[in-house]
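Enquirer: Below is one structure. I have some questions about it.
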Amino acid sequence: MFSKKFDKFEEKVSLSTPTLHGDELKWMEEAYKSTWISTSGENINEAERLVAEKVGVKYAVALSTGTSSLHLSMKLAGIEAYGMPAVGHGALEGHRVFCSDMTFDATVNPVVYEGGIPVFIDTEDDTWNMDPVALEKAFEIYPEVKVVVCAHLYGTPGKIDELNAIIEKHGAILVEDAAESFGATYKGAQTGTFGHYNTISFNGNKIITGSSGGCFLTNSKEAAEKVRKWSTQAREAAPWYQHEEVGYNYRMSNVTAGIVRGQMPYLEEHISQKKAIYERYKEGFKGLPVQMNPIDFENSEPNYWLSCLIVDDEAMCPQVRGEQDVLFTPEHGKSCPTEILQALASINAEGRPIWKPMHMQPIYRMNPFVTREGNGRAVTNAYIAGGVRGEDGKLLDRGSDIFNRGLCLPSDNKMTPEQQDRVIEVVRACFE
């Protein structure tokens, strides 16, 4: 139970903010001087080259957001899987799409943009990503599905080989959301290379930022050219403005690309700093009834974008969450994410709850949800009432449980070891 008083940080210790080096300003000034500040210019060309080279794909298309990349990926996937035209109705109109459940809603919303119906796949314990067992069960229930969207949570790769084997067995297409995992590897290969169509993000809090922006990644020249066209309002090669299909204003600006270009040389440095934060937390929490977010070190090397913890089930004090409010009852020797987050806020440090699973979101509460046991809706309702456990004793609705017991810790790579030590002290004090 948190009762100690700690001095507040004079400056806020953030969850994750941009780490800038000065090179960004150089390339932004180049764009300014050249007057190429819109959606073409050398910064865009160079950012695309650097990203494609780093990730190991043939083509990268710089876009205004990672979400726009996911949207155009969904459009392409729907056309490929179902033969829907690129004009008129969404390419996924009326079709179900399997999606990661524990993720930011930008992973899922593009499915809806194209008229698809998200079906959420539960989370596994080893990486907090899409559960291959639940995915196989989902194909048993919905064998007609041909598109799967998989995200890598907080920079940690999922079980890609297992997932892809299932996806390929059922003749489906993987769309990889590597928005949070740029620079992470699975069996030596970068995330963003494992799907037909892949996305990374340069949002302001990502490990490499452009303030905004993202990249569509592929080995298909045809797909890259299509995305490049769609992202610039689908203009045809005519001397006037000729349009034969719906387009979008999704291209990255040359100014944003200048920031990305200046950031790119520092990717490995940022990952190293984030890794040190994760390891310092792991050491500092020894002896507490908590675990760090899990990593499959045998197969993957994450980018450590955010460090998270999960409170052991037996060490949880009572906590109840509504749609926008939360209550908890303090207990000696126990704690919960709400108490820890309040304690961090009291010293001017920023934490955050784990992503609330998509199947629990009001907008998607009526969508199908599949666990490794089958229909997850009954399990979720029972979990709220006390939990349904499998033969191994684990809750069957893993995503809800992780959301209930987990939180994101301050993970800013400009945080000093001394600041992190105080964060660790505060977390420890919550269990006294």
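Enquirer: Can you run down the residue pairs with Cβ atoms below 6 Å, 6 or more apart or on separate chains, where the first is in region 324-340 and farther than 11 Å from VAL427 by Cα and the partner is among the hydroxyl-bearing types (Ser, Thr, Tyr)?
Expert: VAL326/THR338; PHE328/THR338
Enquirer: Select from region 134-148 the residues that are more than 21 Å from the chain's Cα centre (by Cα) and surrounded by 18 or more Cβ atoms within 10 Å (Cβ to Cβ) and write down the one among them that is nearest to VAL175 (Cα to Cα). If you could, list the steps in order and put the result at the bottom.
Expert: Taking region 134-148 as the starting set, the residues that turn out to be more than 21 Å from the chain's Cα centre (by Cα) are 136-146.
Filter once more, so that each one left must be surrounded by 18 or more Cβ atoms within 10 Å (Cβ to Cβ): 136-139, 145-146.
Details: GLU136: 17, LYS137: 19, ALA138: 17, PHE139: 16, VAL145: 13, LYS146: 11 Å.
Residue satisfying both the conditions and the ranking: LYS146.
Enquirer: If you don't mind, there's one more thing I want to ask. Of all the residues that make up region 402-421, how many are touching a Pro at 6+ places or on another chain (Cβ under 9 Å) and surrounded by fewer than 20 Cβ atoms within 10 Å (Cβ to Cβ)?
Expert: Applying the first criterion (touching a Pro at 6+ places or on another chain (Cβ under 9 Å)) to region 402-421 yields 402-408, 419-420.
Narrowing the set further to residues that are surrounded by fewer than 20 Cβ atoms within 10 Å (Cβ to Cβ) leaves 419.
Of the residues in region 402-421, 1 are touching a Pro at 6+ places or on another chain (Cβ under 9 Å) and surrounded by fewer than 20 Cβ atoms within 10 Å (Cβ to Cβ).
Enquirer: Please specify each residue of region 307-337 satisfying the condition of being within 28 Å of ALA276 (Cβ to Cβ) and of a type outside the set (A, V, I, L, M, F, W, C). So that I can check it myself, show each step before the final result.
Expert: Within region 307-337, the subset within 28 Å of ALA276 (Cβ to Cβ) is 307-312, 315, 335-337.
Of everything in region 307-337, those that are within 28 Å of ALA276 (Cβ to Cβ) and of a type outside the set (A, V, I, L, M, F, W, C) turn out to be SER307, ASP312, SER335, PRO337.
Enquirer: Please determine, by comparing only the residues of region 220-239 that are in a loop (DSSP other than H, G, I, E, B) and either surrounded by 17 or more Cβ atoms within 10 Å (Cβ to Cβ) or not assigned by TED's automatic domain parsing to the domain that holds ALA77 (or both), which one is modelled with the lowest pLDDT.
Expert: ALA234
Enquirer: Just to confirm my filter: which helices (runs of 4 or more DSSP H) fall fully inside region 344-432 and include at least 2 residues that are at pLDDT below 95? Break it down stepwise before answering.
Expert: Values: elements: 377-385, 398-405, 417-429.
Helices (runs of 4 or more DSSP H) meeting the threshold: 377-385, 398-405.
Enquirer: Scan region 250-266 and tell me whether some residue there is in contact (Cβ under 8 Å) with a residue 24 or more places away in the chain, surrounded by 16 or more Cβ atoms within 10 Å (Cβ to Cβ) and in a strand (DSSP E or B). Lay out the reasoning, then the answer.
Expert: Looking only at region 250-266, we keep the residues that are in contact (Cβ under 8 Å) with a residue 24 or more places away in the chain, and these are 250-266.
With surrounded by 16 or more Cβ atoms within 10 Å (Cβ to Cβ) added as a condition, the list becomes 250-264, 266.
Adding the requirement that they be in a strand (DSSP E or B) leaves 251.
Yes: region 250-266 contains one or more residues that are in contact (Cβ under 8 Å) with a residue 24 or more places away in the chain, surrounded by 16 or more Cβ atoms within 10 Å (Cβ to Cβ) and in a strand (DSSP E or B).
Enquirer: Restricting attention to region 164-172, does a residue exist that is closer than 18 Å to PRO357 by Cβ and touching a strand residue (DSSP E or B) at 6+ places or on another chain (Cβ under 9 Å)?
Expert: Going through region 164-172, the residues closer than 18 Å to PRO357 by Cβ turn out to be none.
No, because not a single residue in region 164-172 is closer than 18 Å to PRO357 by Cβ and touching a strand residue (DSSP E or B) at 6+ places or on another chain (Cβ under 9 Å).
Enquirer: Given the residues LYS286, LYS282, LYS274, which is the only one that is in contact (Cβ under 8 Å) with a residue 24 or more places away in the chain and either more than 17 Å from CYS408 (Cα to Cα) or in a helix (DSSP H, G or I) (or both)?
Expert: Among LYS286, LYS282, LYS274, only LYS274 is in contact (Cβ under 8 Å) with a residue 24 or more places away in the chain and either more than 17 Å from CYS408 (Cα to Cα) or in a helix (DSSP H, G or I) (or both).
Enquirer: Give the residues of region 228-247 that are more than 26 Å from LEU217 (Cβ to Cβ) and either small (Gly, Ala, Ser) or touching a Gly at 6+ places or on another chain (Cβ under 9 Å) (or both), sorted by residue number.
Expert: If the condition is that a residue be more than 26 Å from LEU217 (Cβ to Cβ) and either small (Gly, Ala, Ser) or touching a Gly at 6+ places or on another chain (Cβ under 9 Å) (or both), then ALA238 is the only one that fits.
The values are calculated or read from the model by the stated rules, or taken from the named source; none is laboratory data. Computed from a predicted structure; not experimentally measured. Positions of Cβ are generated from backbone atoms using ideal geometry, with glycine treated the same way; all protein chains shown enter the neighbour counts.
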